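This report concerns only the one structure given below.
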Amino acid sequence: MRPGTAIAALWLFWVVSWILAASWADPAKKRATIGAEARYRVFWLAGTALLFIPAHGYEGRLRLWAPTLTEAWACVALVAVGIAFAWWARIHLGRLWSASVTAKADHRVVDTGPYRLVRHPIYTGLLLSVLATMAAKGTIWGIAGTALLIIGVVVKARLEEGLLRGELGPAYDDYARRVPMLVPFTPA
């Protein structure tokens, strides 16, 4: 198997397993508006399309670097680590998870497991995987897609935080003061 194939297989595993696991979630008590969700979803759709444009046959300025085989396999490992971290967070969050920006009936601050490291560990894991995918591709399209995905993640994380602050009040404010948003071991 080649590194590019392994990366594609890891992402396919993540997408399929994530969709199948959606049935674990409790129903939403409160949901962000469609307009608010559309803002980040546009970035995610465009970013995903650009990141996964095939890298075959790039010439000149479109391909900026070509990783060695060792570097490419290191990127595969980082994609796997990122997906595993996102899954750890997803399992730890349990029935409070939602694909959309929502609050559940029994919503509470989760500050254990990966949530003690960052407030949005699912996004942290997926961003690690996205960055590793970009590094393995070495293309302008990969960089552009990654930039759009990062913007989309930050937009969604801020939307979630606004909803959670409204629902959970001072408990969430205290959590946000203690734990960084996306990058572990940085100031909150």
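None of the figures in this text is laboratory data; all of them are computed from the coordinates on show. Please read these numbers as outputs of a predicted model, since none were measured by experiment. When we count neighbours, we look across all protein chains shown, and the Cβ atoms used for this are built from the backbone with ideal geometry, even at glycine.
Normalised by the number of residues in region 1-147, the average gap of Cα pairs under 8 Å and 6 or more apart makes the relative contact order 41 percent. Once you order the gyration tensor axes a ≥ b ≥ c over the Cα atoms, which shape class does region 80-123 get: rounded for a/c under 1.5, otherwise prolate or oblate by comparing a/b with b/c? Verdict is prolate for region 80-123.
Put in order of Cβ neighbour count within 10 Å, fewest first, the listed residues Glu160, Glu167 become Glu167, Glu160. Each of Phe52, Phe13 was scored by other Cβ atoms within 10 Å of its Cβ. Arranged with the fewest first, they read Phe13, Phe52.
With Cβ to Cβ distances under 14 Å as the rule, what net charge do the other residues near Ala49 carry (K, R +1; D, E -1)? In short, +2. Of the trypsin sites (Lys or Arg not before Pro) found in region 86-188, those that fall in a DSSP loop while having at most 15 other beta-carbon atoms within 10 Å are Arg108. Over the residues of the chain, the helix contribution to mean residue ellipticity at 222 nm works out to -21500 deg cm²/dmol, using -39500 (n - 2.57) for each DSSP H run of at least 4. Annotation for Thr68 and Thr186: the two label points, set 7 Å from Cα along the Cα-Cβ direction, are 2.9 nm apart. The charge dipole of the chain, taken about the Cα centre with unit charges on the Cβ atoms of Lys, Arg (+1) and Asp, Glu (-1), comes to about 180 debye, rounded to the nearest 20. The residue list Thr139, Ala8, Val154 was ranked by how far each Cα lies along the charge dipole of region 1-157 toward its positive end, using unit charges on Cβ atoms, and Val154 comes out on top.
Dimensions of region 1-158 along the principal axes, based on C-alpha atoms and rounded to the nearest Å, stand at 53, 31, 26, largest first. For region 9-24, backbone phi angles converted through the Karplus equation (6.51, -1.76, 1.60; θ = phi - 60°) give residue-by-residue couplings of 5, 4, 5, 5, 4, 4, 4, 5, 5, 5, 5, 5, 6, 4, 5, 6 Hz, Gly and Pro being listed as x.
Modelled label positions at Ile143 and Ala36, each set 7 Å beyond Cα in the direction of Cβ, lie 3.5 nm from each other.
Seen from all directions on average, region 70-188 presents a Cα convex hull projection of 7.5 nm².
Lysine pair count for the chain (Cα-Cα distance under 18 Å; residues 8 or more apart in sequence or on different chains): 4.
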